[in-house]
Amino acid sequence: MFDYIIVGSGFAGAVCARELAEAENRVLVLERRPHIGGNAYDCLDENGILIHKYGPHIFHTNEKRVYEYLSRFTEWRDYQHCVLAKAGELEFPVPFNLNSLYRAFPEDKAEELEQKLVSAYGMEKKVPIGELRQNPDKDINELADFVYNNVFLHYTMKQWGQKPEEIDPGTTARVPVFISRDDRYFQDSYQGMPLEGYTPIFEKMLDHQNITVRTSAEADSCLSFEDRILFEGEIFEGTVIYTGALDELFGYCYGALPYRTLDFGFEHHDVTYYQSHGTVNYTVDEPYTRITEYKHLTGQKAENSTTIMKEFSRSYRPDTEDIPYYAIINEENNSLYQKYLGKAKEYDNLVLLGRLAEYKYYNMDKIVSLALELCDSINKGN
Ligand code: FAD
Ligand code: UDP
């Protein structure tokens, strides 16, 4: 019999499984996909190029513990992610920074704007676009409008179907205007790509005598939520850690939680490199938001062979094959989520963890951190 049943084998599920198994618990992991790893899963495509099947994943964190924990299961390739924006004829780094300024404006204008920005905010400061737009200085305000129109407006419309000011401010604040000459997308102290890819991390993490993994296994094939949680028809006395979507768990009884999903357009090209950067954001035109060329991320060498991926965002349709990728965070959706949370709390042996189960916009490192904290508290209580 199992002490823990974990639904989902992404970072939330896999870290918990490992931590609990090492504390002498017997753990069952149920994963509906035919593979482990959740959205961080990677594999070779038919041309032998290592791809991320569910969108580009770049690891970055400021948490030493998270970095050291994952380093038990992988070595790292140093990779500093830099993103180029294509805004019509213009090309410049995003986050929009001082280098972008000189790419977008004539030199004398750029110098003037640089001085104003530095004296208003200071060097190395990150300013969310919403905040920059509040600046009363006429020139800074014009710059803010330029960045709004050339970086945020169309990209955000494509990604969310809404204007930047209509979505959660925390979302656009992920990509602030950066008063700096640092072209990197992230400034975290630890950044890189797993040397052999992400999937081997999950294989190693889940390779433990106390862990049983069932892939292609829907949670409801063996778990049911009646007055108590039943496993294969019997009352389950252990704990369930659920990392899937909460509305789905309860049959959408209060209505579906809104999400954005993505369609991925993979293309193989007989060239060594297709573009100059790992990711190019199309911030003004094209129906897709960005193109990622995986070889830049993974460091894979291949002559005259590369695979790129275009991301097309749209509304997620519940009860279809669509994958819910991004929670749409706003007051109305959060309160719907709270109703489901109330229902989940009726089960004292049900724990929710992860980007889906918590209806949050978490990066991988945050999930690993939360999983470690959860297991710390469980293991201390034991
Ligand atoms: P998931 O990885 O989604 O895992 C949940 C698992 O549960 C899935 O495998 C799912 O199949 C399974 N599951 C769900 N319901 C059931 C069920 N009923 N029965 C059985 N199994 C079930 N983060 C970064 O740090 N850097 C990045 O560059 C980055 N890029 C991203 C790009 C995209 C396009 C997306 C969508 C996300 C990105 N992220 C990135 C975020 C990252 O994917 C998440 O933080 C991480 O995957 C969350 O892990 P998780 O375990 O919570 O969820
Ligand atoms: N964003 C934008 N233009 C860009 C990059 C980002 O408008 O060139 C906005 C957009 O709303 C996006 C958000 O900032 O959803 C967060 O961007 P991030 O790159 O962090 O998104 P993710 O990689 O998580 O999809």
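The values are calculated or read from the model by the stated rules, or taken from the named source; none is laboratory data. The structure displayed is predicted, hence computed values, not measured ones. Methodologically, a virtual Cβ is constructed for each residue, glycine included, from the backbone with ideal geometry; neighbour enumeration extends over all protein chains shown. These accessible areas exclude ligands, DNA and RNA; they are computed on the full protein's heavy atoms, side chains included. Shrake-Rupley method; radii C 1.70, N 1.55, O 1.52, S 1.80 Å.
For the range 183-214, which residues satisfy the criterion of being over 20 Å from the mean Cα position of the chain (by Cα) and either without any contact (Cβ under 8 Å) to a residue 24 or more places away in the chain or within 16 Å of ligand 2 (Cβ to nearest atom) (or both)?
Result: 183, 207.
Under 30 Å from residue 327 (Cα atoms) and surrounded by fewer than 19 Cβ atoms within 10 Å (Cβ to Cβ): does that describe residue 112?
Against the criterion (under 30 Å from residue 327 (Cα atoms) and surrounded by fewer than 19 Cβ atoms within 10 Å (Cβ to Cβ)), residue 112 does not qualify.
Kindly provide the set of residues from the range 333-381 that are within 16 Å of ligand 1 (Cβ to nearest atom), in a helix (DSSP H, G or I) and free of Cβ contacts under 8 Å to residues at least 40 places away in the same chain, ordered by number.
Selection gives 366, 373.
For every residue, the table says whether it meets (1) in contact with a helix residue (DSSP H, G or I) (Cβ under 7 Å, 6 or more places away or on another chain); (2) within 27 Å of residue 365 (Cα to Cα); (3) touching a residue at least 12 places away in the same chain (Cβ under 8 Å); (4) surrounded by fewer than 15 Cβ atoms within 10 Å (Cβ to Cβ).
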| residue | (1), (2), (3), (4) |
| --- | --- |
| 158 | no, yes, yes, no |
| 173 | no, yes, yes, yes |
| 234 | no, no, no, yes |
| 240 | no, yes, yes, no |
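Quickly run through the range 40-77 and pick out the residues that are acidic (Asp, Glu) and part of a loop (DSSP other than H, G, I, E, B).
If the condition is that a residue be acidic (Asp, Glu) and part of a loop (DSSP other than H, G, I, E, B), then 45, 46, 63, 75 are the ones that fit.
Within the range 78-90, how many residues are within 12 Å of ligand 2 (Cβ to nearest atom) and in a strand (DSSP E or B)?
The qualifying residues number 5.
Starting from residues that are open to solvent by less than 40 Å² (accessible area, probe 1.4 Å) and farther than 20 Å from residue 262 by Cβ, keep the ones in the range 359-376 and report whichever is farthest from ligand 2 (Cβ to nearest atom).
Here the answer is 375.
Of the residues 250, 178, only one is touching a residue at least 12 places away in the same chain (Cβ under 8 Å) and either surrounded by 20 or more Cβ atoms within 10 Å (Cβ to Cβ) or away from ligand 1 (no atom under 15 Å from the Cβ) (or both); which?
178
Taking the range 282-303 as the search range and keeping residues that are surrounded by fewer than 20 Cβ atoms within 10 Å (Cβ to Cβ) and either within 16 Å of ligand 2 (Cβ to nearest atom) or aliphatic (A, V, I, L, M) (or both), which one is farthest from residue 163 (Cα to Cα)?
302
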